[in-house]
Amino acid sequence: MAGLMVEGLLAYLTLRKEMVQFPGRAFLSVIAAPDYIISLTYASFYPLIKKMKPFFSNFGAIITFAIVGTFIASIVTGVLVYLAGLIHLVYRMPLIESMMFGALVSATDPVTVLSIFQELGTDVNLYALVFGESVLNDAMAISLYRTMASLRTNPSSQNIFVVILRFLENFFGSMSTGVGAGFISALLFKYSTLGVENLYNLESCLFVLFPYFSYMLAEGFGLSGIVSILFTGIVMKRYTSPNLSEDSQRFTASLFHLLSSLAETFVFIYMGFDIAMERQSWSHIGFIFFSIVFILVARAANVFSCIFLVNLVRPPHRKISRQYQQALWYSGLRGAMAFALALQSVHDLPEGHGQAILSATISIIVLTVLLIGGSTSTMLESLHVAGDGNNGHHRSLEASNLHFGKETWLYPIFLPIRWHGCKA
């Protein structure tokens, strides 16, 4: 948050607007994409590197939150904004543009919350749920936003079946591209001989650059590169990383951790620049205030409805407790992805609606980071979920988790030969 205040002030005094201005699409591609693939591949996954089982054992719940939950949150937010505009309670926008706002503001980025989770020793299953949702719901939010934006530019296709078809094409096409690229990288590093002493640099460079192949491939097909790169990161973390030499693993882990911190810091510094240099729509205070209320309501609809569905199919000892439900609801901070999409909306909605959306999104990000992020420790302690990562309940959850170990059929195909005793 120091970047928001200090750099925002210095922007008036030392820099001209043209020197630091990014178009929305460029910010999404140049800043947000590296930030998320870096965070996904190593830095954000770092607390789970030695305990990755909770992430994959809770993958069904994570997918439910990320897909069903994000869809619910987007629709609820968009509809509430549209209805409030009809009764002149907030700044009025058409239905499609309200849905675009609902989609972009549904992208969560609980970096602050996760760091506090790790510091306080919160249960790894809760950590995995929050982290997994924040990673995958970005893909859902981007696909929803692009679908709504395409409907706005092509009103003749505003048919419910066309909307569903376009969304499925964008989301699952991008996901398939990313997963395919990740598996290709796993096979390449498994059967190549890059791990010799003189090729460590080449091995590390290819590992760092391979996600961009996925990104550019998806963009070339007219799909979402961000969605593709997210799923590439998941596959590469699980199947490609073990194929690296030990020296390359150590080097790339340190490099990604550093770059992730730099990218995350730059996002907030740039946000400070934008607050200072861009003409914000602060006159729409009602729109900003009620947007915050609406996203809290939408977050509740998202979390509690999805947990109801998840608990229906889970055995009694694996049901998500009421304390964890409240912690999940409280963890819905907004960050880099919502800001990047809001920047893009300024160009997609030139009538002034985009500027109002950007101002509201910046306010939501700042307030959620300050208020929710700053009170997370108190919240965890009041819910009695802090420091329970090693208790018996946690061990029972670990013991009852869905088995996703090295015996699964994908491991002999993509993981190192030394792991399963096969000969090349």
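The values are calculated or read from the model by the stated rules, or taken from the named source; none is laboratory data. Remember, it's a predicted structure, so these values are computed and weren't measured experimentally. Every residue, glycine among them, receives a Cβ derived from its backbone with ideal geometry; neighbour counts consider all protein chains shown. What goes into the accessible areas is simple: the full protein's heavy atoms, side chains included, and nothing from ligands, DNA or RNA. Shrake-Rupley method; radii C 1.70, N 1.55, O 1.52, S 1.80 Å.
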(request) Heavy atoms only, probe 1.4 Å: what % of the accessible area of the stretch 179-263 goes to carbon and sulfur, would you let me know? (result) 68 percent
(request) Using only the C-alpha atoms of the stretch 208-264, find the volume of their convex hull and express it per residue in Å³. (result) 82 Å³
(request) Measure of size requested: the Rg and Dmax of the stretch 251-333, with Cα atoms as the atom set and Å as the unit; please supply both. (result) 19.4, 54
(message) From the Cα trace of the stretch 337-382, what convex hull volume per residue do you get, rounded to a whole Å³?
(response) 56 Å³
(request) Would you mind putting 370-379, 350-359 in packing order, based on average other-beta-carbon counts within 10 Å, highest first? (result) 350-359, 370-379
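How many Å² of accessible area per residue for the stretch 78-146, probe 1.4 Å? Let's see the in-between values first.
Values: 1870 Å² over 69 residues.
Dividing the accessible area of the stretch 78-146 by its residue count gives 27 Å².
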(request) Could you pull out every residue, at least 5 positions away or on a different chain, whose amide H is within less than 5 Å of the one on residue 109? Hs are placed 1.01 Å off N in the peptide plane, and Pro or chain starts have none. (result) 333, 334, 335
(message) With viscosity set to 0.692 mPa s at 37 °C, what whole-number translational diffusion coefficient in µm²/s follows for the stretch 116-273 from Stokes-Einstein and a Kirkwood radius over Cα pairs?
(response) 185 µm²/s
